[in-house]
Structures are given as C-alpha cells and as structure tokens.
Amino acid sequence: MPLADFRLGPRIRAVGGPVGPLILPRSVALLGTDYPGLRVELRVREGDKVAAGGALFCDRKHAEVAFVAPAKARVAKIELGPGRRLSALVLDLVRDDTPVEAAPLTLKTGDDARQLLLARGLWPAFRRRPFGQIPAPDAQAAAIFVHAMAGYDGAPDPAALLPQFVREFAEGLRLLAHLTHGPVHACLPVGLTLSMPGVERVRIAHFPPRRQSSMAAHHITLLHGPTRDRPVWTIDWQDVIAIGRLLTTGLYAGDRIVALHPSPAAAPRLARTILGASLPDLFEGHPAGPAIPVSGPVMREKQAHWLGRYDTQAARIAAPGHSLMHRMFGTPGGTPRPILPHAALDASLPPGVPAVPFLRALSAGDLDGVERLGGRDLIEEDLLHAQYLCTSGTDYGARLRRMLEMMEAAE
Amino acid sequence: MITLRHPWQITLVLIGALIPPLAVTLTERGAAGLKLLAAALAVSLIWDLIFTRARWQQPSWHSLPAALIVTVMTLPTLSLWQLALALSFGLVIGEQVFGGRGFGFLNAAAVTLAFLVFAFPGTALQEASPALGYATLPGLALLLAAGLVFWRVVVALALGLLVGLAMNAGTPPGVGLVLPAIFAVTFLVADPVASAATQAGRWLYGFAAGLLAALFTPLGMAEALVFAALLAGLAAPLIDDIVIRAQVGRRSARG
C-alpha cells in the first residue's frame with residue numbers, strides 16, 4: 001500500500017459476503033427528493049395495476065424519459081407538490097410468480113441504445129454534472145463515469161460482488177459506449193480486475209478504497225476536469241448491471257443488492273430488495289433496534305421511510321445527541337456552531353476543493369466563493385463526508401442545492 | 001478513533017493536551033501559580049457564558065484552554081488585574097467579537113499575551129523551561145493524531161525557524177533553543193483556527209511564522225513566538241486567498 005494513500009483519508013469499510021434472498025417489501029415508493037427539479041406528467045392513476053418496468057410517469061419537459069415500476073404493483077398513492085413536482089408515488093407490490101420469457105435484445109445503433117434506456121426506465125440511472133439532474137434525452141456527455149466503488153462505510157462492496165456479475169456488467173458497459181463520443185470510465189477499487197472482452201472503448205481506472213478516492217467527484221476531477229463546458233454523466237455499478245440484465249433477458253431489473261444495518265451493534269448483511277423499498281418492511285423480522293431508519297449512508301442521519309433511488313444501504317440509528325456528554329456540554333441552541341478546521345476535513349471533499357474555505361463560503365451563502373472553489377462540479381452526496389466531519393452541524397447538501405439552483409438559473 | 005463533530009469535543013482534546021505542561025508549570029510555581037490559574041479560569045468562564053448566552057449559542061468552552069495557555073506563558077508575579085484585563089481583551093477582541101472561536105481568525109491566547117507585552121511596558125513572559133518543552137510533546141502528539149495540529153504547519157515552522165536562526169547567528173541552533181519553543185508553537189502558532197486553511201497555505205503560513213519568530217528572538221523566545229503567531233495569523237487569510245487564486249487560475253487554464 002503506497003504511503004501517499006494515507007492522505008486520501010481512512011479506508012472505506014465496505015460490506016461483502018453472501019447476499020441474502022430477495023426481501024419483497026409490501027410497498028415501494030418513488031420520491032421527488034431523489035430527482036431535484038423534476039416536474040412530472042402522470043401515466044397512471046391511483047388504483048391502477050402496473051407490470052414490472054411499466055411506465056408510471058415521465059418528465060414533463062422530456063416526455064421520452066420514463067419512470068417505471070420496479071416490480072409488479074398497484075398504485076397506492078400519488079402525492080404531488082406545487083408545480084406538478086413529485087412528492088411521492090407509493091406502490092403496493094403484487095406477488096408475481098408467473099415465469100416470464102427471457103429474450104436477449106439486440107441493438108444496432110447508438111440511437112437504439114438511447115431509446116431502449118429511455119423507454120425501459122433505466123435512463124434515470126444517469127445523473128449529469130454539473131447540477132446532478134437526470135440528463136436530457138438528446139444530451140451529449142463528454143464522458144460517462146461508472147462508479148464501481150463503495151462510496152461510504154457500510155455500502156455493498158463491488159470488489160466482492162462485481163466478479164459475480166461480470167457478464168452483465170460488461171454488456172452494460174458496451175451499451176454505455178454507444179451513448180457518448182467521449183470516453184467511458186469505469187472506476188474500480190484497486191485490486192479488482194475483471195476479464196471483460198469486447199469493452200475496449202471503456203477505460204478502466206483503479207482507485208484506492210479510501211474516503212476521498214472513493215467519491216465519484218474525485219474520479220471526475222482527476223480523469224476529466226471541470227464539467228462546466230464538458231458535462232459528464234455518472235452511473236452506479238448496479239445500474240450498469242441492470243442495463244446488462246435488460247440486454248441479456250429483455251426484462252427490467254428492479255432489484256438491487258443493499259447492505260442492511262439493523263442496529264449499530266449488529267453486523268451488517270447484504271440482501272436483495274426492490275428499488276424504493278419501505279424501510280420498516282426491510283427491517284421486519286429483525287429484533288427491535290434503534291428508532292430511526294436511515295436510507296443511504298448511516299452518517300446522513302436523516303430519518304427516512306423509503307429507500308432512495310440511488311441508495312444502496314439502509315440502517316437504523318439511535319437518535320443523535322442523547323449521550324451524557326452531549327447533555328452536559330451542548331445546550332440545544334438555534335444559532336449555527338462554528339466550523340473548526342481539523343485534518344480529517346481536508347480529505348472529505350474532492351481534490352482541488354479546499355475544505356474549510358469551501359464550507360465557510362457555503363455557510364455564508366457566498367455564491368461566487370462556492371463557484372470559484374469548485375462547487376459547480378459537486379452535488380449533495382459529495383458533501384456528506386464533510387457534513388459528517390464538520391463541527392458546525394450545517395446541512396451543507398441543502399445549501400449546495402440552493403447554490404446550484406442559482407447557478408443554473410443564471411445560465 | 002473518535003470523530004470530532006462538536007466544538008466541545010475539540011475543547012476537551014485541547015485541555016487533555018494542556019494538562020501535562022500545566023502540571024509542570026504548577027509544580028514549578030506552587031501556590032502563586034494556582035492563584036493565577038483560578039483567576040484566569042474565572043475570567044474566561046465569565047466571558048464565555050456572557051457571550052454564548054447573549055447569542056443563544058452552544059458554549060464551546062474554548063475560553064478554558066485559552067486561559068490555561070495564558071497561565072502557562074505568564075510570569076507568576078503578574079498582578080491579577082493585569083491578567084484579568086489582558087485576558088478580557090484577548091477573549092473579547094480576539095475571539096468573541098467575531099462570533100466566538102471558529103468564526104474569527106486569531107488565537108485568543110496570542111492576542112492576550114501580545115496585549116500584556118504592549119499595554120504594560122516591562123512585562124515579560126515566562127521563558128519556558130526544558131521540562132515544559134518535554135511535557136508538551138505528548139500533547140503535541142495527541143493534537144497531531146486528532147488532526148488539531150497540521151503537520152505541514154509544524155514542519156514548515158521548524159524549517160522557517162531553523163533557516164531564520166541560522167541566518168541570524170550564522171550557525172544552526174541547538175536543542176537548547178528548540179525545546180522552550182515547543183509549547184508556544186503547539187498551542188499558539190499551530191492553532192488550526194489561526195493557521196491557513198489551504199494545504200499550500202499551511203506550508204507558507206508555517207514557514208512565515210518560523211521566520212518571523214527567528215527575527216524576533218532578541219525579544220525573548222516566548223515574546224518572539226507570540227508576535228510570530230499574531231502576525232502570521234493576521235496574514236493567514238491573505239495567504240489562503242493567494243493560494244486559492246493561484247489554484248483557480250490553474251484550473252481555468254486547464255478547463
């Protein structure tokens with residue numbers, strides 16, 4: 001292990017091991033918070049039955065972008081916010097044991113690949129930078145980044161899992177190469193070598209599985225540079241496998257491997273479940289644990305009821321701030337706490353973003369400062385480590401989103 | 001390893017690092033040292049509580065380590081009113097007017113000590129004994145491990161100090177000169193809030209502080225380091241700004 005790796009922060013503790021059987025939740029949901037800025041046009045009504053991969057709604061600006069049901073279900077509830085923004089669309093799953101015929105798909109052109117992903121609900125797996133939205137159907141990416149690393153402690157470990165799905169992964173990568181004239185970068189942890197014939201257009205890059213070098217923003221900074229004039233798309237390795245499964249079987253794959261942490265004391269385990277699963281359903285059968293379910297990295301510390309679209313871990317945590325020390329020293333105050341610099345903060349943001357000046361600019365609402373220090377290339381999830389490590393307790397993700405909205409409006 | 005997520009946790013680590021040097025100081029001084037310590041703690045607590053209550057803030061309790069640093073670095077013969085006045089100035093003007101520790105850019109203890117030397121001509125600071133230097137080492141190790149002292153600052157500072165002293169005297173300085181400097185370096189110059197916030201800036205900041213300290217050594221090592229900490233701390237935001245401009249220039253040239 002090279003000495004310089006220590007500067008990239010501590011190793012990410014990813015979860016490997018056997019994957020448990022499919023946990024079929026009673027209900028799943030598609031959440032508006034996963035798709036910033038999305039306004040929807042509904043294709044179903046409450047009570048309708050939909051098949052797995054059946055369209056539920058589409059983007060009002062781009063009717064080609066379909067959002068689909070991850071499994072056979074009945075539409076239970078549709079909640080819309082102001083301006084036809086999606087709040088939540090809840091589906092009650094219907095158990096479906098009828099065997100479906102698998103038939104591989106063949107694609108001839110790049111346009112075919114695009115149409116397939118758009119129509120079959122896998123387009124929303126892409127998020128573009130800058131700004132983090134789902135790319136427009138006709139948008140061109142200067143590069144596509146496949147994130148095949150555990151980004152946070154407790155995430156499923158691609159180093160352990162990816163070798164089991166090499167064929168589907170390679171199929172997915174081959175399709176991605178049709179979508180862009182630029183390079184497709186597959187970013188893998190150091191030591192993971194996959195034998196994938198026929199994916200010559202894909203550039204494989206290896207990164208140490210440490211805090212800073214596991215972030216997609218780190219890979220983009222090092223391999224691509226600023227995204228302002230050369231936008232990139234990112235996609236998670238499990239979504240690439242889902243694309244590969246769509247190509248080899250012709251069926252929409254709405255299941256993902258997630259790491260479940262029923263309590264901080266218990267060992268995490270891997271299980272298959274459906275996108276957007278209800279968290280109480282996921283933890284059913286586990287002994288009663290701490291009260292607060294969290295979707296995504298544990299350090300997000302935000303109570304959730306559903307598994308987020310881009311989340312691959314779920315946990316139950318104790319309510320923060322109830323230790324004896326907290327009660328003795330910290331009185332609940334309304335004013336923000338200070339940002340006290342310490343060394344761990346420095347490796348919590350992608351390279352080239354000076355952590356303390358950047359977090360100060362975000363706290364102060366200094367749009368110019370945020371942009372100058374590289375904020376345009378970041379999205380909420382890039383700030384999670386910094387948010388966790390910073391003494392201020394500020395919700396930097398929400399602040400960054402407001403800044404990004406302002407930058408976007410100014411364009 | 002514990003993750004530092006609250007200001008009071010950082011204060012606790014800082015106090016832990018200060019205990020051995022404080023113990024050495026108190027055993028060297030006896031009862032007079034205790035009186036000074038009690039007064040310093042009382043003054044700092046009063047200001048901390050007044051300001052945090054007025055602002056509905058969580059107290060960070062950081063004025064306590066500031067009081068401990070000041071106690072170690074002042075002479076036991078200092079009168080209590082002078083101590084109280086200087087500490088009040090340091091805590092209020094150096095820290096609380098900005099909104100408390102972490103919102104400003106100065107070290108309250110360094111401001112207090114500089115005020116003492118300027119406001120009361122003839123006042124000297126305590127020249128650190130070698131024992132104090134040795135007693136600071138575990139604290140320095142703790143702060144480095146906790147990330148509350150940046151190794152870049154310490155290394156650059158040592159370099160700057162060595163270069164500066166070598167230029168002054170023509171010969172490299174011995175251990176006898178370095179040991180008394182360790183306490184002030186650890187708690188005043190290498191303070192993460194007063195230091196520069198960018199990586200390159202930390203090298204520049206440390207080196208500049210070392211050179212300044214070497215320049216001021218005729219005043220006495222303690223005074224030299226206090227003024228070096230204060231001046232380098234004042235320059236730190238400028239250093240960061242220069243570093244960031246240079247980086248942004250490089251980035252836009254690349255993009």
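The values are calculated or read from the model by the stated rules, or taken from the named source; none is laboratory data. Predicted, not measured: the structure shown is a model, and the values here were computed from it. Note that each Cβ is placed from the backbone with ideal geometry, even for glycine, and that neighbours are counted across all protein chains shown. We work out accessible area using only protein heavy atoms, side chains counted, and drop any ligands, DNA or RNA first. Shrake-Rupley method; radii C 1.70, N 1.55, O 1.52, S 1.80 Å.
If we scan region A:164-182, do we find a residue that is within 14 Å of another protein chain (Cβ to nearest Cβ), free of Cβ contacts under 8 Å to residues at least 12 places away in the same chain and open to solvent by 10 Å² or more (accessible area, probe 1.4 Å)?
no
Quick check on B:Leu137: is it closer than 26 Å to B:Leu4 by Cα, in a helix (DSSP H, G or I), more than 14 Å from every other protein chain (Cβ to nearest Cβ) and open to solvent by 20 Å² or more (accessible area, probe 1.4 Å)?
yes
Taking the stated definitions as given, is B:Ala39 among the small types (Gly, Ala, Ser), in contact (Cβ under 8 Å) with a residue 12 or more places away in the chain, in contact with a Pro (Cβ under 6 Å, 6 or more places away or on another chain) and farther than 21 Å from B:Ala141 by Cβ?
In short, no.
Of the residues that make up region B:153-174, is at least one touching a Ser or Thr at 6+ places or on another chain (Cβ under 6 Å), crowded, with 24+ Cβ neighbours inside 10 Å and at pLDDT 90 or above?
yes
Can you tell me which of (1) assigned to a loop (DSSP other than H, G, I, E, B); (2) open to solvent by 50 Å² or more (accessible area, probe 1.4 Å) is the one A:Pro70 doesn't meet?
Just one mismatch for A:Pro70, condition (2).
Within region A:82-116, count every residue that is at pLDDT 90 or above and more than 18 Å from A:Ala55 (Cα to Cα).
0
Out of all the residues in region A:17-35, is one or more of a type in the set (Val, Ile, Thr), farther than 30 Å from B:Phe150 by Cα and assigned to a helix (DSSP H, G or I)?
Within region A:17-35, one or more residues are of a type in the set (Val, Ile, Thr), farther than 30 Å from B:Phe150 by Cα and assigned to a helix (DSSP H, G or I).
Name the pairs: first residue in region A:376-389 and away from chain B (no Cβ under 13 Å), second residue part of a helix (DSSP H, G or I) and among the aliphatic types (A, V, I, L, M), Cβ to Cβ under 7 Å, at least 6 apart or on different chains?
Partner pairs satisfying both residue conditions: A:Leu378/A:Ala217; A:Leu378/A:Leu400; A:Glu380/A:Leu400; A:Asp382/A:Ala217; A:Leu383/A:Leu400; A:Leu384/A:Met299.
Looking for something at pLDDT 90 or above, buried (at least 20 other Cβ atoms within 10 Å of the Cβ) and within 14 Å of chain B (Cβ to nearest Cβ) - is there at least one such residue anywhere in region A:229-242?
Yes; the residues of region A:229-242 include at least one that is at pLDDT 90 or above, buried (at least 20 other Cβ atoms within 10 Å of the Cβ) and within 14 Å of chain B (Cβ to nearest Cβ).
Picking from A:Leu359, A:Leu324, which residue would you name as being modelled with pLDDT under 85 and either surrounded by fewer than 17 Cβ atoms within 10 Å (Cβ to Cβ) or more than 9 Å from chain B (Cβ to nearest Cβ) (or both)?
It is A:Leu324.
Only one of (1) under 27 Å from A:Arg167 (Cα atoms); (2) in contact with a Leu (Cβ under 8 Å, 6 or more places away or on another chain) fails for A:Gln238. Which number is that?
Checking A:Gln238 against (1) under 27 Å from A:Arg167 (Cα atoms); (2) in contact with a Leu (Cβ under 8 Å, 6 or more places away or on another chain), the one that fails is (2).
For region B:106-145, name all the residues that are closer than 16 Å to B:Ser60 by Cβ and among the hydrophobic types (A, V, I, L, M, F, W, C).
B:Leu106, B:Ala108, B:Ala109
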